[in-house]
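Q: The structure is given below, and queries will be raised subsequently.
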Amino acid sequence: MARPKIALIGSGMIGGTLAHLAALKELGDIVLFDIADGVPQGKALDIAESGPVERIDAAMSGTTDYADIAGADVCIVTAGVARKPGMSRDDLLGINLKVMKSVGEGIAAHAPNAFVICITNPLDAMVWALQKFSGLPAHKVCGMAGVLDSARFRHFLSEEFEVSMRDVTAFVLGGHGDTMVPLTRYSTVGGIPLPDLVDMGWTTQEKLDAIVQRTRDGGAEIVGLLKTGSAYYAPAASAIEMAEAYLKDQKRLLPCAAHVDGAYGLDGFYVGVPTVIGAGGVERVVEINMNKDEKAMFDKSVDAVKGLVAACKEIDGSLA
Ligand code: APR
């Protein structure tokens, strides 16, 4: 059986890391695409040259021609401009919307059966636009945010509790922005929900609130430290987890920016929700119960995403 084909649209910091991780995990043959001639080819060759040492059986190539992504099983999109210090994800909107148009058309023409994972920010609006521009079925186009936001939350919690990250599960929903919704009630250590751990004296409500805020600001914290770009190791690892769930039909329950039609009172809208990812793409949107406060936070987050989508429609009339 032929190996799966993974196309990485955008070969910058995240794109290169995606290629390296996908190769190390032998998820399939990898094509790096970018408009900056030389970059995808150089990264592909560099990673290919690590193959004999790492013992990787995967073909690597780089290209500036969409024809070379033909028949890709998975496309992971990072094309666009990344945040610089002082820029919000939303500042990227106008620039990256144009990029989504060309990427959507390229995927539609050459890889219409692919499972598409968008990482480009502002995420929830870009994945919405990418689905529209590509015309691919909505359950085959999703955005990576919840896995990353939850991973950040899990990391901070494991440090606070001094326990292995493996035993910390966490839930972050809503848009991938300052209004994201870390759900403490559904986040656990060894199955014990966080509010119970506060009652047990493992931490205080104040410390938990600070961790929630740090999670919300997780992307900006890295931008502030790096000064010349945004996070790439954790975003790449998160998208690879989603790609692997699809390619191996793992039916993983992962939070992602999915097309929600009916659940959560939404009609045809992309926002971060728990989903089941398997060979069918986003096979299911899981609707959880939220209390009044959680619902209020979620609604605020949805409103923020709606604002971005409205801005996209204003910039590009074809999306209206
Ligand atoms: N088509 C293809 N590639 C493009 C296009 C385009 N129209 N426009 C820009 N690119 C490429 C750039 O040449 C660059 O190599 O996208 C790449 C982006 O890489 P980086 O600038 O290194 O950004 P990265 O850190 O990888 O982040 C990519 O993901 O998390 C988000 O906010 C982040 O939107 C940003 C994206």
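The values are calculated or read from the model by the stated rules, or taken from the named source; none is laboratory data. From a predicted model like this one, the values you see are computed outputs, not experimental measurements. Note that we place each Cβ from the backbone using ideal geometry, even for glycine, and neighbour counts take in every protein chain shown.
Q: Assess whether GLU160 counts as being touching a residue at least 40 places away in the same chain (Cβ under 8 Å), assigned by the TED database to the domain that holds ALA304 and among the acidic types (Asp, Glu).
A: On the way: touching a residue at least 40 places away in the same chain (Cβ under 8 Å): yes; assigned by the TED database to the domain that holds ALA304: yes; among the acidic types (Asp, Glu): yes.
So GLU160 fits the description; yes.
Q: Scan the stretch 73-86 and tell me whether some residue there is under 18 Å from ASP124 (Cα atoms), in contact with a helix residue (DSSP H, G or I) (Cβ under 7 Å, 6 or more places away or on another chain) and surrounded by fewer than 20 Cβ atoms within 10 Å (Cβ to Cβ).
A: Yes: one or more hits.
Q: THR184 versus (1) closer than 17 Å to ASP217 by Cα; (2) surrounded by 24 or more Cβ atoms within 10 Å (Cβ to Cβ); (3) touching a strand residue (DSSP E or B) at 6+ places or on another chain (Cβ under 8 Å): which is the lone unmet condition?
A: (2)
Q: Something else: Hey, could you check the stretch 262-299 for residues that are more than 26 Å from LYS248 (Cα to Cα) and among the basic types (Lys, Arg) and say which is surrounded by the most Cβ atoms within 10 Å (Cβ to Cβ)? Outline the logic, then answer.
A: So the first thing to find is which residues in the stretch 262-299 are more than 26 Å from LYS248 (Cα to Cα), and the list is 262-269, 289-299.
Retained after the next criterion (residues that are among the basic types (Lys, Arg)): 292, 295.
Values: LYS292: 7, LYS295: 14.
Filtering first and then ranking leaves LYS295.
Q: Of the residues that make up the stretch 35-58, is at least one within 9 Å of the ligand (Cβ to nearest atom) and crowded, with 18+ Cβ neighbours inside 10 Å? Please lay out each step first, then the result.
A: Within the stretch 35-58, the first condition is being within 9 Å of the ligand (Cβ to nearest atom), and the residues that meet it are 35-36, 39-40.
Subsequent filtering for residues that are crowded, with 18+ Cβ neighbours inside 10 Å retains 39-40.
Yes: the stretch 35-58 contains one or more residues that are within 9 Å of the ligand (Cβ to nearest atom) and crowded, with 18+ Cβ neighbours inside 10 Å.
Q: I'd like to check something: does the stretch 97-116 contain any residue that is near the ligand (Cβ under 8 Å from one of its atoms), assigned to a loop (DSSP other than H, G, I, E, B) and either crowded, with 24+ Cβ neighbours inside 10 Å or outside the structural domain of VAL223 (by the TED database) (or both)?
A: Within the stretch 97-116, none of the residues are near the ligand (Cβ under 8 Å from one of its atoms), assigned to a loop (DSSP other than H, G, I, E, B) and either crowded, with 24+ Cβ neighbours inside 10 Å or outside the structural domain of VAL223 (by the TED database) (or both).
Q: Hey, can you tell me all the residues within the stretch 121-160 that are within 24 Å of LEU183 (Cα to Cα), more than 16 Å from the ligand (Cβ to nearest atom) and hydrophobic (A, V, I, L, M, F, W, C)?
A: Passing the criteria: PHE153, PHE156, LEU157.
Q: Related question: Could you give me the residue pairs with C-beta distances under 9 Å whose first residue belongs to the stretch 1-17 and is part of a strand (DSSP E or B), whose second residue is of a type in the set (Asp, Glu) and within 16 Å of the ligand (Cβ to nearest atom) wherever it lies, and which are 6+ apart or on separate chains?
A: ALA7/ASP68; LEU8/ASP34; ILE9/ASP34
Q: Turning to a different aspect of this structure: State whether the residues of the stretch 56-70 include one that is under 19 Å from the mean Cα position of the chain (by Cα) and of a type outside the set (A, V, I, L, M). Talk me through it step by step, then tell me what you get.
A: Our first condition is that a residue be under 19 Å from the mean Cα position of the chain (by Cα); within the stretch 56-70, this holds for none.
No; the residues of the stretch 56-70 include none that is under 19 Å from the mean Cα position of the chain (by Cα) and of a type outside the set (A, V, I, L, M).
Q: Checking GLY201 against (1) loosely packed, with under 15 Cβ neighbours inside 10 Å; (2) within 27 Å of HIS20 (Cα to Cα), which test does it fail?
A: (2)
Q: Another one. Condition (residue is within 16 Å of the ligand (Cβ to nearest atom) and either among the aliphatic types (A, V, I, L, M) or on the phi > 0 side of the Ramachandran plot (or both)) applied to the stretch 206-220: is it met by at least one residue?
A: Yes, the stretch 206-220 contains at least one residue that is within 16 Å of the ligand (Cβ to nearest atom) and either among the aliphatic types (A, V, I, L, M) or on the phi > 0 side of the Ramachandran plot (or both).
Q: Then there's this: Check whether at least one residue in the stretch 60-83 is more than 18 Å from HIS110 (Cα to Cα), among the charged types (D, E, K, R) and touching a residue at least 12 places away in the same chain (Cβ under 8 Å), and report yes or no.
A: Yes.
Q: Could you tell me whether the stretch 205-224 includes any residue that is assigned to a loop (DSSP other than H, G, I, E, B) and farther than 20 Å from GLY278 by Cβ? Before you say what the answer is, go through the steps one by one.
A: Looking only at the stretch 205-224, we keep the residues that are assigned to a loop (DSSP other than H, G, I, E, B), and these are 217.
Imposing the further condition that a residue be farther than 20 Å from GLY278 by Cβ reduces the set to 217.
Looking for residues that are assigned to a loop (DSSP other than H, G, I, E, B) and farther than 20 Å from GLY278 by Cβ, one finds at least one in the stretch 205-224, hence yes.
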